[in-house]
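Okay, structure first, notes after.
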Ligand code: IPE
Ligand code: IPE
Ligand code: MG
């Protein structure tokens with residue numbers, strides 16, 4: 001680092017885990033935790049914008065989350081539609097561009113329409129890119145990219161596969177945060193985390209506030225990213241991407 005300012009990751013990706021436990025601890029239904037989780041996400045988006053993060057990718061619903069009790073699944077679907085309707089105008093005002101990442105085909109028409117509307121309304125914004133991974137799985141993405149290439153007869157290379165993936169519109173995440181105490185990826189961005197810095201927090205997602213995000217960013221700033229090289233080749237900028 002050349003100044004006293006922390007190195008800000010360009011792209012932060014978050015596994016927002018721990019909503020259910022947050023609610024259960026308070027004798028509330030799990031969906032109450034998911035509602036609190038939306039509030040935490042709202043604050044996180046604002047804080048990322050203020051800190052100069054350019055891309056924020058959040059895991060909101062995994063391919064495997066369909067296996068939860070039907071009531072929780074429908075609660076999460078409702079919540080997505082509600083949160084979009086409620087938050088998009090203000091997000092638009094803050095210069096946030098929203099993009100959905102995942103398999104839309106299995107989603108209810110109402111949810112799909114809400115996502116498409118949010119994308120269209122914010123398409124010209126450039127301050128912060130917010131990717132919402134919903135009905136997303138890293139394996140799904142790799143497989144759908146490979147299927148696209150096979151269908152068009154395109155040779156499969158790292159570059160062509162990367163370009164066909166649902167996350168091709170943004171660079172790979174610099175920092176991946178998982179809240180909720182588990183230290184696993186749970187089928188999040190499998191391809192894209194090849195050289196991401198990983199940060200695990202014991203805080204449950206509804207409790208992950210601005211100070212917690214700043215702590216994650218400060219930790220990131222202390223890392224040396226080597227991308228396979230040796231220390232002498234990449235010094236002196238600790239978290240700076242090398243060519
Ligand atoms: C993460 O919180 C949100 C989703 C998976 C939708 P969880 O619902 O997994 O919360 P815990 O892990 O059960 O506490
Ligand atoms: C990962 O959390 C998915 C999301 C946060 C959307 P899970 O709670 O589904 O992950 P596991 O089941 O503990 O691995
Ligand atoms: Mg969980």
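What follows is calculated from the coordinates using simple rules that are stated; it is not laboratory data. Note that the structure is predicted; figures quoted are calculated from it, not measured. Note that we place each Cβ from the backbone using ideal geometry, even for glycine, and neighbour counts take in every protein chain shown.
What share of Cα pairs, in percent, lie more than 31 angstrom apart in the range 11-223?
Considering the range 11-223, 16 percent of its Cα-Cα pairs are separated by more than 31 Å.
Is the C-alpha gyration tensor of the range 101-243 telling us rounded, prolate or oblate? Criteria: a/c under 1.5 is rounded; beyond that, a/b larger than b/c is prolate, otherwise oblate.
It is oblate, given that a/c is not under 1.5 and a/b is not larger than b/c.
Please give the contour-minus-distance gain from residue 66 to residue 227: 0.36 nm per residue of separation, less the Cα-Cα distance, rounded to one decimal in nm.
Additional length available on full extension: 54.4 nm.
What is the calculated FRET efficiency for residue 146 to residue 24, with r their C-beta to C-beta distance and R₀ = 30 Å, to the nearest 0.05?
0.15
Would you calculate a helix-derived [θ] at 222 nm for the chain, using -39,500 (n - 2.57) for each DSSP H run of n ≥ 4 and dividing by the full residue count, to the nearest 500?
Mean residue ellipticity, 222 nm, calculated: -13500 deg cm²/dmol.
Take the Cα radius of gyration of the range 156-220 and divide it by 2.2 N^0.38 Å, with N its residue count; two decimals is plenty.
The range 156-220 yields a ratio of 1.29.
So what is log10(I(q)/I(0)) for the range 6-46 at q = 0.28 1/Å, when the Debye sum runs over its Cα atoms only?
Log10 I(q)/I(0), no solvent term: -0.93.
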